[in-house]
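The values are calculated or read from the model by the stated rules, or taken from the named source; none is laboratory data. This structure is a prediction, so every number in the text was calculated from the model and none was measured. Here Cβ is always computed from backbone atoms with ideal geometry, including for glycine, and neighbour counts include all displayed protein chains. Surface areas here come from the heavy atoms of the whole protein model, side chains and all, with no ligands, DNA or RNA. Shrake-Rupley method; radii C 1.70, N 1.55, O 1.52, S 1.80 Å.
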Amino acid sequence: KIMNRLFVGIWTVISLSGFAVAEKPSPESVKALAQKVADWQIETFDRHGEYRSLPGNKVSQWRNRKNYHDLTWHMGALYTGMNEWRKLSADPEVEAFLIKIGDRNGWKLHKRPYHADDHTVGQFYLSLYEEKQDPKMLKPTQQHFDWILENPRTGTLEWKARPTDAHHRWGWCDALFMAPPVWARLAKITGDQKYLDFMDQEYHATYDLLWDKEDQLFWRDSSYFERREENGS
């Protein structure tokens, strides 16, 4: 489910251009296409709400919606892809774009203090910090995570329980993309084991609940345990 908008864009361009996917593309063609997508993402970013529905989309509620906030998980997933592309391409425009996003949001995580979705942007913040060693790129995330360690949530991850900490902890499988990489990188940067210990503890809590040993897949969340397709699977 979780896929960076950058790579969704690449595949869309390939499909719409009639590119013969059966042919093995050259590294040069892949890089050129990725650059084209990255350039488009930057060019249209501040009006991306215009592109949230393709012409002819029957799901009308997705039409003409406002832009996402800079720090939502949708944007965080994009930045993760853009940050990886920055490293591969050495494109200064991509780095400038990411720094602009960080600067205009004070390098803060999003508004819900515990929610993994709102921690996703920390992935590119801390990656840039490792290179730039600029404290402003690190301090808000570290302070935020220190607060979580001082005020941990310990309730159930069961989705339908009331009360539940399923949203305050990592009660859905997507959360394992959003938050753990930030905790792990913070441990690496600071050398402080407490961040890694917390990440490991919370990851295993999610794994123990949602990992299906038979199918070797994660359930989306515990509300799906009894749901079945029409064929019974």
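List of remarks:
- Here region 81-202 is assigned +1 on the Cβ of each Lys and Arg and -1 on the Cβ of each Asp and Glu. Its dipole about the Cα centre then comes out at about 340 debye.
- Environment charge of Ala184, counting only residues whose C-beta is closer than 15 Å and scoring Lys/Arg +1, Asp/Glu -1: -2
- Convex hull volume per residue in cubic angstrom - Cα atoms of region 88-233: 153
- For the residue pairs Lys66/Lys100; Lys31/Lys188; Lys108/Lys188; Lys31/Lys136, alpha carbon separations beyond 24 Å are given by Lys31/Lys188; Lys31/Lys136.
- Residue separation of Gln143 and Lys31 scaled by 0.36 nm, minus their Cα-Cα distance, works out to 36.6 nm of gained length.
- Only one residue of Trp73, Gly49, His168 has its Cα farthest out toward the positive end of the dipole of region 46-197, where Lys and Arg carry +1 and Asp and Glu -1 on Cβ, and that residue is Gly49.
- About the centre of its Cα atoms, region 68-117 shows a dipole size close to 240 debye [charges on the beta carbon of Lys, Arg (+1) and Asp, Glu (-1) only; nearest 20 debye].
- Of the whole protein surface, Ile189 contributes about 50 Å² of accessible area at a 1.4 Å probe radius.
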